[in-house]
Structure formats: structure tokens, C-alpha cells
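Peer 1: Handing you a structure now.
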Amino acid sequence: MKDQRGSVTVMSLAMLLFLMVVAVAWLPMMTMEKTAAASDYREQQAWNAAEAGYKRAVAQLEAGNAIWKDWLIDDNDLKDGTFSVVNGLGGEPQSGNEKLAGVLENGIWYAVAISSATSGVELKHGESGNGNYTPVQGETYSITSIGFCNGIHKVIRKTYTLGDNGGTGGGDSGGEETLELPGLVQAGGKVTVKNSNETILGDIYGFDKEDQSGDKHFNNGNNWQGNYMGTLKTKLPDNIFDKSFYKDIKTLDVLPVNNNEPFILGAKEQIYIDWPIGFYKDEWNQGKKWEYQIRGGQGSVLFINCPKNNNSIDLTDGIIGPSSGEPLTLVFNGDVIIRTPLQGNIRIFVKGSVKLDSRNSGNPTNSEELLMIMANGDIDMARSWGLANGKRYAFLSSNSNVVLENSCNSFCGQIQAQNDVTIWSSVIEYSNKVLKSAGFTVPKGMK
């Protein structure tokens, strides 16, 4: 018994030491959880503030309000992140020129800009003629609302047609939001450069890097920024690929056109077709290549059901979106290869993988052409989209990988990928033109 004297004390000390080690290990985790919870709270409050600003704008439009100068923001100032009025929830307007990222470190605020997408009139604060404006029934208004909470901000950009209480289309019924990304490339995996040209103009973020070009793009410190510290939202929600999500969508079994006639979608019109569509109105060209264009009006949606055994979109005369305003949205609920020319403002959502074939890339028009491609699978960009005449801009987003092929010898825009990004393209240049343009929002609920 004498040899065992004090063993209980030793065991107690060992247990106490174990508990201390566990407690010390838990402290960082608890701190991280607390920080994450606080960040989630601020993000939600900022989103609520943005929604409050949007709803106020809609309510004022519906009420026929004629006085706007006391609370609206200049749209150009809002896009630049500098503005002279910020509206508090339950407080007085704040004046001064404040930067977006530093707006009132404490408190919850929103800032709103409204302009007519129909007439181009902007409801500016403090300007004669625009400060007093009576809304017009049937007119479509672009509303931008930014909510703030302790340095975090969320953006809502929507269009609203006065008198259309049912909403303005499939995207609005689920809600949309604006992405803001800081650099040329944001990747959750490795960024690999394989071209032999030194022309990479823009910041690159990624988990890892590899330069096979011999030009030391990363080693000289001009481009590589290390890990992207924000949250990548790359997975499109499933409801986007559900036909029932789209309000008032019409199903076409036969296209109501003859051969060589364009198939035209009106503004806000929503059409669903099975691909390839069975036959034409005149039936003479059944099963052959489409010899005409698809043209989409502002805010129109073409939902294409893609079978696995025939997912190549090959239209001789191309797909043309509007030259300004809200883009034509193409929705593919499977994998797709796009061989047809694309022109105008186009937004593409793909449930699987997408390849833009190098054939039939089309020539740029006199207007700026904005292209957004978002896919839950890989994106293979095999055609140029960028520097021709300085008028083509793109945004690519993949929940998997993005590859810019050799045939994509120029690209101007932004890229985000949950996994890897590989760059063969000889010229790649940063521009946030697409994400800053009206109508190029993304579905709310992306992860």
C-alpha cells in the first residue's frame, strides 16, 4: 500500500493536464466560430438593408412619388463606390463623400439608385428636372440597392415594371444578387499558365500556382496574390434548371418560323424547347442544320433541354442578344457545346459542362458585347472574347475547372473557379465590365 501512496494525486494531475490541453485546443475553434457567426450576422443584416432599400424604391414608384432628391444616390457615384447621401434605417441621411468600403463603421444603412430602363432618365438627387419626377405606368426601372452593416455590403440590382405586380420574370422570383470580385482570376485550386507571352494584366488569386510559360508570371510578383480570402460562390442553385421556376414560360414543340427566318424572343419573353427541336413550321428541313438566327429581347429567357446524345448547339447565323440593357439568358440543363456565333449581351447558365468551340466565333459588332457564362461543370473557352476593337468583355464562373485554350488567343474580363484555372491564351486582361453592368446579376442562393 505504501508503494501506491500518492497515485490518486498523480492521476488527478494527469486528468487536469488533459482537460487543460483540450480547453486550449478548443479556444481557437470557439473564436473562429464566434467570428464566423458575427460575419454571417453582418452579411444577413446587410442583405436585409439592401432589400429594404429595394422595397422602398418599389413602394415609392407605385405610390407615384414625385420627390426623389432627398434620398436617392447618383447611379454613377454608386457604381464608383463614392456618393453623397447614405440612408440610415431609422436615422437621418448622412452627407459627405464616403467610400463604399468604409461607410459608417457602425450601424445599418442602405443606398439606392433608380433609373428608367425605358427612357434612360435617372432619378438623381438634388438635380433640377430629375429631382422631381413622376413615375410612368408601364415603364421599366433599373433599381440598385446596396445595404451596409459594419463595413460589409450587399448589392441588389433588379428591374421593376411599374404596374406589373406579378414581378418581371424568372430571375426576380427567386432573387438575384451582384458578385464583386477583386481580380482577373479567383481559383480555389491551382492556377497554371502555359502561354509563352508575358501579357497577363491583372491580379491572380489561387491556392497554388504553376508557371510553364517561361515568363515567370508568378515569380516576379506582378500578378500572383496568393489565396483568395473571400468566399467563392460558384454553384448555381438547382431551381435555375427547373422549368417551373420561370414565371409564364411557354413550351414550343415547333418553332413558329420558316427556314431562313430569325426566331425572335420579345422583351421578358420566356421560352422552353427540347433540343434538337423536332421540326420547323414548314417541315421541309426536318433534322437538318438550323439556317437562321435566335434573337433575344431585353430580359428574355430561352430554356433548352439538352439530351446527353446530342448537345451541340450549331446555328449558322448565330445567337444574338440585345445591344444594351438586360441580356438574353440561355439556360441549359445539361452539358453543351456551343459552336454558333454569339453577339450582343448574353448570359448563359449551364447545369453541366460547357465548351465554346473555336468555330463560328463571330465578329464583334459596333456595340459593346457582354458575355456571362456560369456552369456547375467545367468551362472550356476555345474562342477569343476580349480585345477585338476593345468592345468584348466576359465573365466565366465554374463550380469545377476553367481552361482558356490556345484558340482563345485573347480574353478580357474575370474568371472564378472552385477548382483549377489553366491559361493557354496569349493575352488575358482584367475588366469588371460584365459584373458592373445592369442585368448581369447571379441567382441568389449560390454556394
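Values quoted throughout were computed directly from the atomic coordinates according to the rules given, and no laboratory measurement underlies them. Only a predicted model underlies this, so the values are computations on that prediction, with no experimental measurement involved. With ideal geometry, Cβ positions are generated from the backbone for all residues, glycine too; neighbour counts draw on all protein chains shown.
Peer 1: First obtain the Kirkwood hydrodynamic radius of segment 382-447 from its Cα pairs, then insert it into the Stokes-Einstein equation at 25 °C and 0.890 mPa s, and state the resulting D in µm² per second as a whole number.
Peer 2: Numbers: Rh = 12.5 Å.
Diffusion coefficient, whole number: 196 µm²/s.
Peer 1: So, one more: Using mean Cβ contacts within 10 Å as the protection proxy, how do 418-424, 324-330 order, highest first?
Peer 2: 324-330, 418-424
Peer 1: What order do you get for 334-344, 139-149 when each peptide is scored by the mean count of other beta carbon atoms within 10 Å, highest first?
Peer 2: 139-149, 334-344
Peer 1: Anything over 27 Å Cα to Cα? Flag those among Lys243/Lys391; Lys247/Lys355; Lys209/Lys447; Lys154/Lys447, in the order listed.
Peer 2: Lys243/Lys391; Lys247/Lys355
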